[in-house]
Amino acid sequence: MESDGTRSTYTFSTNYGVPFRPQWSLFLGEFAGRPGVRMLEIGSFEGQSAIWFLENIVTGAGSSITCVDLFLPLYSDRFDQNIAASGMAARVTKLRGDSKEVLPSLAPLSFDVLYVDGGHCEEEVWWDALQAWRLAKPGAIIIFDDYLWESQLPPEKRPQRAIDRFLARRSGRLELMHKDYQVIVRKLPSPPFRRFRRLCSKLFRRTVALGRTRMNP
Ligand SMILES: C[S@@+](CC[C@H](N)C(=O)[O-])C[C@H]1O[C@@H](n2cnc3c(N)ncnc32)[C@H](O)[C@@H]1O
């Protein structure tokens, strides 16, 4: 049964993700109960969405969530208390820091579900989107929050333009599953010719680099 994530033991000062739970259940339902699911959340705040994902999606044996956030002092304590109250702390990895520094340290192709809800400026969302793509396994689902957030702000202060650019750049390599206030995509497996082309260009770059070293020992 779906949990409402509102146990009286939790302390949340907002309800950011609550309206989206029905669509998360719909689009992420395939992962519920599956063993070894790995989720990445960029922007965890007080842990409300992370706890809902833990209770409803990342539920299979050995499944886990990695939470990346600046974790500013007051909210970091709240996050810790809420995660402890959920009884699922053992399945949570908390990574404190700017996503610009933290995400590059994570292994590529290692997450099944990714939630992008960190910094909201165009440039921050663009960075998080590119990293989410790098970190997503083929077949993974990426959710972007706040596509339609604060339309009165200039475009560089909100996520929309970065998400549009991401959708255009990755077109043909993703399936657009949902586009409304949130945008939900699936990363399609690369066709064999694309993998072959990537391998060839890697080999080419290595050969050129080797040649340069030999010419200038
Ligand atoms: C809207 S809140 C996340 C809400 C949470 N997903 C939920 O629904 O409960 C956005 C979070 O992103 C974090 N954040 C903002 N900029 C960030 C950055 N550059 N790197 C990492 N986290 C960032 C903030 O600290 C804040 O906690």
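Taking G29 as the residue in question, decide whether it is small (G, A, S), surrounded by fewer than 20 Cβ atoms within 10 Å (Cβ to Cβ) and either in a loop (DSSP other than H, G, I, E, B) or within 14 Å of the ligand (Cβ to nearest atom) (or both).
no
For the list (1) more than 28 Å from I163 (Cβ to Cβ); (2) in contact with a helix residue (DSSP H, G or I) (Cβ under 7 Å, 6 or more places away or on another chain); (3) within 12 Å of the ligand (Cβ to nearest atom), I need the number of the one condition that E41 fails.
Evaluating E41 over (1) more than 28 Å from I163 (Cβ to Cβ); (2) in contact with a helix residue (DSSP H, G or I) (Cβ under 7 Å, 6 or more places away or on another chain); (3) within 12 Å of the ligand (Cβ to nearest atom) leaves (1) as the failure.
Look through the range 100-115, keep the residues that are over 17 Å from L188 (Cα atoms) and not hydroxyl-bearing (S, T, Y), and return whichever of them is farthest from the ligand (Cβ to nearest atom).
The qualifying residue farthest from the ligand (Cβ to nearest atom) is A107.
Is at least one residue of the range 130-143 under 26 Å from G172 (Cβ atoms), touching a Pro at 6+ places or on another chain (Cβ under 8 Å) and polar (S, T, N, Q)?
Within the range 130-143, one or more residues are under 26 Å from G172 (Cβ atoms), touching a Pro at 6+ places or on another chain (Cβ under 8 Å) and polar (S, T, N, Q).
Provide a single number: the residues in the range 102-115 that are more than 22 Å from F27 (Cβ to Cβ) and either in a loop (DSSP other than H, G, I, E, B) or free of Cβ contacts under 8 Å to residues at least 40 places away in the same chain (or both).
The number of residues fulfilling the criteria is 6.
How many of the residues making up the range 38-77 are part of a loop (DSSP other than H, G, I, E, B) and crowded, with 24+ Cβ neighbours inside 10 Å?
6
For T9, which of the numbered conditions (1) within 12 Å of the ligand (Cβ to nearest atom); (2) in contact with a helix residue (DSSP H, G or I) (Cβ under 7 Å, 6 or more places away or on another chain); (3) modelled with pLDDT under 95 fails to hold?
The one condition T9 does not meet is (1).
If I filter the range 82-101 for residues that are assigned to a helix (DSSP H, G or I), crowded, with 17+ Cβ neighbours inside 10 Å and small (G, A, S), do I get at least one hit?
Within the range 82-101 (the criterion being assigned to a helix (DSSP H, G or I), crowded, with 17+ Cβ neighbours inside 10 Å and small (G, A, S)), the answer is yes, since at least one residue qualifies.
Which residues, counting only those in the range 116-139, are within 12 Å of the ligand (Cβ to nearest atom) and assigned to a strand (DSSP E or B)?
V116
Can G60 be described as free of Cβ contacts under 8 Å to residues at least 40 places away in the same chain, under 27 Å from L176 (Cβ atoms) and touching a Lys or Arg at 6+ places or on another chain (Cβ under 7 Å)?
Yes; evaluated as a whole, the condition is true for this residue.
Might you check whether a residue that is touching a Pro at 6+ places or on another chain (Cβ under 8 Å), hydrophobic (A, V, I, L, M, F, W, C), away from the ligand (no atom under 14 Å from the Cβ) and more than 21 Å from G119 (Cβ to Cβ) occurs anywhere in the range 46-69?
Within the range 46-69 (the criterion being touching a Pro at 6+ places or on another chain (Cβ under 8 Å), hydrophobic (A, V, I, L, M, F, W, C), away from the ligand (no atom under 14 Å from the Cβ) and more than 21 Å from G119 (Cβ to Cβ)), the answer is yes, since at least one residue qualifies.
The values are calculated or read from the model by the stated rules, or taken from the named source; none is laboratory data. From a predicted model like this one, the values you see are computed outputs, not experimental measurements. For neighbour counting, all protein chains shown are included, and Cβ atoms are generated from backbone atoms with ideal geometry for every residue, glycine included.
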